[in-house]
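If you scroll down you'll find the structure; I have some questions about it.
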Amino acid sequence: MTFLNLAGFQVYKSYLSTTVQQEFAKELRDVVSAAPMFSPKTQSGGQMSVRMSAAGKYGWYSDANGYRYVDCHPNGTRWPDIPDGIVSVWQDLVSKTRMPDCCLINFYGENAKMGLHQDNDEADYSYPVLSISLGDAALFRVGGTKRGGKTQSIWLESGDVVVMGGDARLAYHGIDRIKFGSSRLFNAHGRLNLTLRVVD
């Protein structure tokens, strides 16, 4: 494992072993089976290029009424529990007492990306957002707490973990592109990004 500090973003390269990544992939298949992936619309009516699901107390949703956390999947069912193995990464790097309320699951296909944005829909910013990368590599771009200005980029690969806390908690960040087919974790390729966060 290698540790990097990218503008306050704590990057743990190769934090998860191949075996653990495979275990997570198996557990996530069960989560997505209970809470199928969907493609939210932005507040302006556009379709997001990533597909989403979630586990935990809350999931994230977007439509003409805005961006928000919700306690049910769009099909009306409650979100499944966050798998214990994934929670253990949070316990190792963030807190052993305050557990995450939500694990967002974003799937990036060949042409998917995520524009620069802040994670600011949570009530408590004192806890970081923890991000786990699985599958194909992604070009991760980070900036400051205001739009515009200098940005930096790093390739995140399968098994990398990023902790966004402190000054980086409300920094703009996004995914410019993925290196489709760069990982063998998933037969159909693509990238899964898990983000654990405290919501309440």
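Could you give P(r) for segment 132-184, binned at 10 Å from zero, as whole percent values over all Cα-Cα pairs?
Binned Cα distances yield the sequence 25, 49, 23, 3.
Explain nothing, just the number: dipole magnitude of the chain about its Cα centre with +1 on each Lys and Arg Cβ and -1 on each Asp and Glu Cβ, in debye rounded to the nearest 20. Don't jump to the answer; show the numbers that get you there.
Working: 21 positive and 20 negative charges, 114 e Å.
Roughly 540 debye, rounded to the nearest 20.
Which entries in the list 150/179; 96/150; 26/150; 13/113; 26/146; 113/150 go over 31 Å, if you measure between the two C-alpha atoms of each?
On the way: 150/179 23 Å; 96/150 35 Å; 26/150 38 Å; 13/113 21 Å; 26/146 38 Å; 113/150 20 Å.
Beyond 31 Å between Cα atoms: 96/150; 26/150; 26/146.
For Cα pairs less than 8 Å apart in space and 6+ apart in sequence, what is the mean separation divided by the residue count of segment 2-197, i.e. the relative contact order in percent? List each step's numbers first, then the result.
Values: 457 pairs, mean separation 50.8, N = 196.
Answer for segment 2-197 is 26 percent.
What list of ³J(HN,Hα) values in whole Hz, one per residue of segment 115-124 in order, does the Karplus curve 6.51 cos²θ - 1.76 cosθ + 1.60 (θ = phi - 60°) give from phi, with Gly and Pro shown as x?
Karplus values, whole Hz, x for Gly and Pro: x, 4, 8, 9, 8, 10, 8, 8, 7, 10.
How many times 2.2 N^0.38 Å is the alpha carbon radius of gyration of segment 76-180?
In units of the globular-protein estimate, segment 76-180 measures up at 1.12.
Could you tell me the extents of the chain's C-alpha atoms along the three principal axes, largest first, rounded to whole Å?
Principal extents (Cα only, largest first): 41, 38, 38 Å.
Also: For the peptides 160-167, 47-54, what is the packing order when you average, over each peptide's residues, the other Cβ atoms within 10 Å and list the highest mean first? Intermediate values should be presented prior to the final figure.
On the way: 160-167: 19.9, 47-54: 18.1.
Ranked by mean Cβ neighbours within 10 Å, highest first: 160-167, 47-54.
Same structure, new question: Quick check on the chain: helices-only [θ] at 222 nm, where DSSP H runs of length 4 and up contribute -39,500 (n - 2.57) each and the sum goes over total residues. Nearest 500, please.
Details: 2 runs with 27 residues, N = 200.
The per-residue figure over the chain is -4500 deg cm²/dmol.
Readers should treat all values here as calculations from the given coordinates under stated rules, not as data from a laboratory. None of these values were measured; they are calculated from a predicted model. Cβ coordinates were reconstructed from backbone atoms using ideal geometry, including for glycine residues, and neighbour counts include every protein chain displayed.
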